[in-house]
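Read through the structure below, which is laid out as structure tokens, and then see the notes.
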Amino acid sequence: TKAPVARASASARLAACTGRSATRVSKNSNMDSKPGSQGVSTSQVLQIVLIPWIAFTIIMTLYVFVAHISLPAVWVTILVAICFGVMFMVMDRTAKNGGVYLTLGVCLLLATFLGSMLGMWTYQTYTKVYFAYSEYREYNNVIASESAAAHADAGKIVFAKGTRVDTMKAVGYKDGSTYCVAPISDSAMTGRVEFWAVGVDCCAAREDIWCDSARDGDARSGVVSLDYSGFMDIIQESKYDMYQKAVKVAESQFDIVSSPDAMFVRWVRDPTHIQDEFWKMGFGVYIITILGYLVFCAGTGFAFQALSKPPASRTVDP
């Protein structure tokens, strides 16, 4: 009699243990079935990394290579990127993917903003100037006393022999940086100044200037100082305005007269070298920013993946 009772008791204990195990498995399965409990997949992380980076790269590329031909093409691309960013954020309200779409949308909008700001700055500072020197005319054998207005479409100017920078009439106008000007003249010049050699932080307050090749007796070329300040005009005066103020000081200090259409140039030995430097700097900024932003996007993606990992499963007893 005792043997059947013992077997029945053992069977009851086994059934109870089996029931508790099933309960634990069932509860853990329910926990894992919740949205986002499995974390994000590798493909989702790649989307968060690559889509914003591609948008950033496209915007930067358009500013560097296309903006000088068609700025509206850049603006349309930026608008499309913004629309996609907002669309992803709206989709996240209905999608049960652990906030992947929300993160993707935010990253895409951030990439669009940063790409627009850095692209515009690179364009205004470097590539727009480079392409302008290619598109504007080059004048040769220009006499310093010739009307600057007659060369208003100039990008590069090669002056006649004997033309020089009059360093003894140089002036530095201090406003944060020092804005330097000195008249360009020749031995026969007696009238008003039509051309000024200019630069930033390369002169004394009076009667000395070393901007570019101002002290080089063999230099007689100039690249026109193009007033491309862009959105920086919102927070500061342009270089052109500062040079005008320096010219006013020079007129008063040395009893000279500047033409109302006077042209500001960088006095150099090789104008083409200066133009190429603008391209090298702009292209360098382009490469550094797109590679740097790829690293930033990768860090964002992996951080999101780490934060989205589900907590370790816990056993829940009945």
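The values are calculated or read from the model by the stated rules, or taken from the named source; none is laboratory data. As the structure is a computational prediction, the values presented were derived from the model and not from experiment. Cβ placement follows ideal geometry from the backbone for every residue including glycine, while neighbour counts extend to all protein chains displayed. Only protein heavy atoms, including side chains, enter the accessible area calculation; ligands, DNA and RNA are left aside. Shrake-Rupley method; radii C 1.70, N 1.55, O 1.52, S 1.80 Å.
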Legend entry - Label-point gap, in nm, between residue 83 and residue 42 - each point 7 angstrom along Cα→Cβ: 3.4 nm
Inset, instruction - Give the accessible area for residue 43 in Å² (nearest 10); use a 1.4 Å probe, count only protein heavy atoms, and leave out ligands, DNA and RNA. - result: 70 Å²
Inset, instruction - Kindly report the accessible area of segment 66-150 per residue (heavy atoms of protein chains, probe 1.4 Å, no ligands, DNA or RNA), in Å². - result: 53 Å²
Legend entry - Difference of contour (0.36 nm per residue) and Cα-Cα distance, residue 288 to residue 272: 3.3 nm
Inset, instruction - With a 1.4 Å probe and all protein chains in place, put 76, 142 in order of accessible area, largest first. - result: 76, 142
Legend entry - Which of 113, 159, 88 is most accessible, then next, and so on - probe 1.4 Å: 113, 88, 159
Inset, instruction - Extending each Cα 7 Å along its Cβ direction at residue 95 and residue 174, get the distance between those two points in nm, one decimal. - result: 5.8 nm
Inset, instruction - Whenever you get a sec, compute what percent of the accessible area on segment 66-165 sits on carbon and sulfur atoms (1.4 Å probe). - result: 66 percent
Legend entry - Computed accessible area, residue 82, all protein chains, 1.4 angstrom probe, square angstrom: 70 Å²
Legend entry - Pair residue 65, residue 208: separation of 7 Å Cα→Cβ label points (nm): 4.7 nm
Inset, instruction - Let me have the relative contact order for segment 91-183, percent, based on Cα pairs under 8 Å that are six or more residues apart. - result: 16 percent
Inset, instruction - Give me the accessible area of residue 264, 1.4 Å probe, in Å² rounded to the nearest 10. - result: 10 Å²
Inset, instruction - Please label the shape of segment 249-305 as rounded, prolate or oblate, based on the square roots a ≥ b ≥ c of the eigenvalues of the alpha-carbon gyration tensor (a/c under 1.5 means rounded; beyond that, a/b larger than b/c means prolate, else oblate). - result: prolate
